[in-house]
Each structure stands twice: as C-alpha cells, then as structure tokens.
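Asks: First the structure, then my questions, so here it is.
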Amino acid sequence: MYAPERQQEILRLARDGGRVDVVSLAEEFQVTAETIRRDLKTLDRAGLLRRVHGGAIPAGRLDFEPDLAERESTAADEKDRIAEAALAELPADGTMILDAGSTVARLAGALPLDATLTVVTHSLPIAARLADHPGIQLHLVGGRVRHRTRAAVDAWALRAYSEIRADVLFVAANGFSAEHGLTTPTSPRPPSSARPSVPHAAWCCSPTPPSTARSTSPASATSVMWTC
C-alpha cells in the first residue's frame, strides 16, 4: 500500500471512530510507529486531522478532551517552564486559588518549601500534592467530582468560590485566543468553578500553553481572561 492510500484509510478510520492511535494503526497496516507518525503529521499539515498525544482526531472535532493522565505527559517541558515563570507571580504571604489542570499542577509541585501561603483549590490531585507542604494552609473546595479532571464542579464549588477573596488566581483552560479568551471543550467560557472567583482575585494569571495572560486589576481581569 502506498503512503497516500494508507493516509486516506487512516482518515476514514478517524472519521468513523472519532480518533485513531499510533500503536493500533501500526499493527493494522504492518508498518512502524514512526511511519504512522509521519502519516499523521502529513494529514495534520493538510488540515484533515489534528494530532493529539498518541494519535489523532478529525480536524473538525472540537469536543475531544484528553483525560488528566494523558495531559500530564503532554508538553511536559513547556508546562515546567510555565510553572517556573508563574512562581514569579506568587504573593509573598497571602492567598491564592489554583484551578484544576495539569499545568497548574506543575505550579503546585514547584512551590518552594519555604513558601507560606493559603491555597484554595477544587482539584483533588493538586490538594494531594500540597497536603504535606509545611508552609501551605490548604483549603479544598468540595462538589461533584468530574472524573476526567479529578476536580469538584457545579453548585457547591460555585457557592464556595463566591465567598473567597484571594490575592492571585491561577486559572487553567483547554484553549486560549485573543478573540475568544479562555475556552473548554464543553463551554465557550472558562472552567465553571473558577469563574465566580475572578472578581475577587487581585491578580489573575492563566498558565495555559503556549503563553500566559495576566491583569493587575479585578475589573479588567475578566475582559483579559475571557469574554462574557
């Protein structure tokens, strides 16, 4: 089978099944994983598929959201650099809110041992990571736990955040653009648990690859972080 024929079949499989993975394709077509990766790269450049960790999805599919374990290993170096840069935004002594997500989790793991902060989060993995930190006073926001993100969401979390005043908020998102702000696959708005807390944070940072966004005032934070 020639490469264009194989790529056409890969495209068909992706459209029929919603996604394809490198290992399965290599077995099916009896070629190496590297050959499949080149095929996916070709289809991605043509705008027919969108490459994701371990495979690809149809280019028009915007509702795909990898689970937390998969995102942990994606763009790891970039996330580490973002976490390092975000450390410069920490208050010397105050309260910060950490949104759920693999990039924000990198920031939690990078907090220095001599940091003395109050941390509020609705992320179970982030809370577990900070539970033994000697200088962190940890507050875990409750609610229905979303399996894909391991984070509390919905009404209980929203009510808790509406009463919190913080010095800095680190909010995550699946996508970012100057036109539409922060987005997730399920809503054109920021993560629902974090949204009510923004007016009550003096400083807002979005550690979302490939760049960060910030604002110095609560009033302008909303317009910088997302559109309503």
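The values are calculated or read from the model by the stated rules, or taken from the named source; none is laboratory data. Keep in mind that what you see is a predicted model, and the values were worked out from it rather than measured. When we count neighbours, we look across all protein chains shown, and the Cβ atoms used for this are built from the backbone with ideal geometry, even at glycine.
Asks: Can you tell me which residue within region 48-61, out of those that are at pLDDT 60 or above and in a loop (DSSP other than H, G, I, E, B), is surrounded by the fewest Cβ atoms within 10 Å (Cβ to Cβ)?
Replies: Top of the filtered list is GLY60.
Asks: Looking only at residues in region 62-96 that are acidic (Asp, Glu) and not in a helix (DSSP H, G or I), which one is modelled with the highest pLDDT?
Replies: Out of the qualifying residues, it is ASP93.
Asks: Given the criteria of a type in the set (Gly, Ala, Ser) and at pLDDT 85 or above, does GLY17 qualify?
Replies: For GLY17, the condition - of a type in the set (Gly, Ala, Ser) and at pLDDT 85 or above - is met.
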